[in-house]
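For reference, the structure discussed in these notes is given below.
The values are calculated or read from the model by the stated rules, or taken from the named source; none is laboratory data. Bear in mind that the values here come from a model prediction, so they are computed numbers and not experimental data. All Cβ positions, glycine included, derive from the backbone under ideal geometry; neighbour counts span all protein chains shown. Heads up: the accessible areas ignore ligands, DNA and RNA and are worked out on the full protein's heavy atoms, side chains in. Shrake-Rupley method; radii C 1.70, N 1.55, O 1.52, S 1.80 Å.
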Amino acid sequence: MPDPQTSSTPVSQFSPFIELPRADWSELAPSVPAPLSETEIVQLRGLGEPLDMRELAEVYLPLSRLLNLYVGGTKALRSATGEFLRERVESTPFVIGVAGSVAVGKSTIARVLRELLARWEHTPRVELITTDGFLFPNAELERRGLMTRKGFPESYNRRALLRFVSEIKAGAPEVRAPFYSHLAYDIVPDAAVTVRRPDVLIVEGLNVLQPPGPGHRLAVSDLFDFSIYVDARTSDIARWYEERFLKLQRGAFANPRSYFHRYASLTEDEARARASEIWRSINEPNLLQNIRPTRSRASLVLRKSADHSVSTVLLRKL
């Protein structure tokens, strides 16, 4: 798959992906009334992301329908397998991974898909979990010398994340995940997110498509039934990150309880400089070294243009 940062060459005919321009992809949208209102869309979109009714209808509605078909197909295969084995095969959640860089919009996409999938037949119960809850607590990151590598694969308790998704896939009636506070920028002790046998579980995070680490035979990505990578040019993501940082600086960072409250008093030029420094020293290396190399492992790639809208969809051939 070509790198959108350096090339605009179409996907080769020998690629494992089918490439669909947005115009062709949008024609696959089912003829149903808009499932979300304008108010709901505003509540779902992230800072600086121009998600609107058109983007919903042309990109995410057909994607939700495709995922719904995959869920239905998996249930049919499970039933056929049970008949072959001459025993009842218990239904387990369909797990979707959503990966991509900081500021690329993957969290918004995950939230939109949660709402859309819950409106389709076969998938009324949809849960969303982010891998932020599986970051090591700040105290542990400090002990390991990893605070400046927060978000890199080694900053996560990958064993705990793998155990969590494994229990979900095994059909456990109730599974708990740690709770992460973006305000405190840390794991909240004695708080948890509880997941109870959903039809679909969406797992969203920077590095969820990572292969097994050294000495490990299994990665969380091995448990996904479908995976999505949100892609864009590096220069566009860097700009989006800076714009989001400025919005947070004028908003959430003003809260005295915010971990980043120290940035609230920066001038705009100082804030831009700080955002650029964080991007170059942490987020860009993580993207180039760890996140983007996993793009080819995805079932589907959403490629974004400079204005944050999806321009191309790449779907892995079956």
- Item | Whole-Hz ³J(HN,Hα) from phi, Karplus 6.51 cos²θ - 1.76 cosθ + 1.60, for the stretch 38-45, glycine and proline x | 4, 4, 5, 5, 4, 5, 8, 6
- Note on the structure: In whole percent, the Cα-Cα distances of the stretch 145-212 spread across 10 Å bins from 0 upward as 16, 49, 31, 4
- Amide H contacts of residue 135 (H built 1.01 Å from N, under 5 Å, at least 5 apart or other chain): 157
- Query: In percent, what relative contact order does the stretch 48-159 have, based on Cα pairs under 8 Å that are 6 or more apart in sequence?
  - Reply: 22
- Message: Could you derive backbone 3J(HN,Hα) for the stretch 218-223 from the dihedral phi with the Karplus parameters 6.51, -1.76 and 1.60 (θ = phi - 60°), listing whole Hz in sequence and x where the residue is Gly or Pro?
- Response: 9, 10, 4, 5, 5, 9
- Summing -39500 (n - 2.57) over the DSSP H runs of n ≥ 4 in the chain and dividing by its residue number, what mean residue ellipticity at 222 nm do you reach, to the nearest 500 deg cm²/dmol? -9500 deg cm²/dmol
- Query: Using modelled backbone amide H atoms (1.01 Å from N, in-plane), which distant-in-sequence or interchain residues come within less than 5 Å of residue 18's amide H?
  - Reply: 315, 316, 317
- Message: Report for the chain the percent antiparallel among DSSP-assigned beta bridges with both residues inside it, nearest 5.
- Response: 45
- Message: Could you give the length gained by full extension between residue 154 and residue 307, i.e. 0.36 nm per residue of separation minus their alpha carbon distance, to one decimal place?
- Response: 51.9 nm
- Query: How high is the relative contact order of the chain, given as a whole-number percent (alpha carbon pairs under 8 Å, six or more residues apart)?
  - Reply: 25
- Query: Given a 1.4 Å probe and every protein chain left where it sits, what share in percent of the accessible area of the chain is carbon and sulfur?
  - Reply: 52
- Task: May I ask you to evaluate 6.51 cos²θ - 1.76 cosθ + 1.60, the Karplus curve with θ = phi - 60°, for each residue of the stretch 281-291 and list the ³J(HN,Hα) values in order in whole Hz, giving x for glycine and proline?
- Result: 8, 10, 6, 5, x, 5, 4, 6, 8, 10, 7
- Could you work out the equivalent-ellipsoid semi-axes for the stretch 259-318, taking the square root of 5 times each eigenvalue of the Cα gyration tensor, largest first, in whole Å? 33, 15, 9
- Relative contact order of the stretch 92-151, pairs being alpha-carbon contacts under 8 Å that are 6 or more residues apart, as %: 17
- Under 5 Å from the placed amide H of residue 208, counting only residues 5+ away or on other chains, we find 100
- Query: Under Stokes-Einstein, with the Kirkwood radius over Cα pairs standing in for Rh, what whole-number D in µm²/s applies to the stretch 76-171 at 37 °C and 0.692 mPa s?
  - Reply: 203
- Task: Quote the FRET efficiency, to the nearest 0.05, computed for residue 261 versus residue 288 with a Förster distance R0 of 25 Å and r equal to the Cβ-Cβ distance.
- Result: 0.25
- Task: For a label point 7 Å from the Cα of residue 235 along Cα→C-beta, name the residues of the stretch 104-130 whose backbone N is under 19 Å from it.
- Result: 104
- Task: Could you rank the peptides 243-249, 70-76 by their average count of other C-beta atoms within 10 Å per residue, with the highest value first?
- Result: 243-249, 70-76
- Take the stretch 186-281, compute every pairwise Cα distance, and split them into 5 Å bins from 0; I just need the percent in each bin. 2, 10, 13, 13, 14, 16, 15, 11, 4, 1
- Message: Give me the 1.4 Å probe accessible area per residue for the chain, excluding ligands and nucleic acids, in Å².
- Response: 50
- What's the FRET efficiency of residue 53 with residue 316 using the Cβ-Cβ distance as r and R₀ = 30 Å, to the nearest 0.05? 0.60
- Here Rg/Rh (Cα, Kirkwood) for the chain equals 0.96
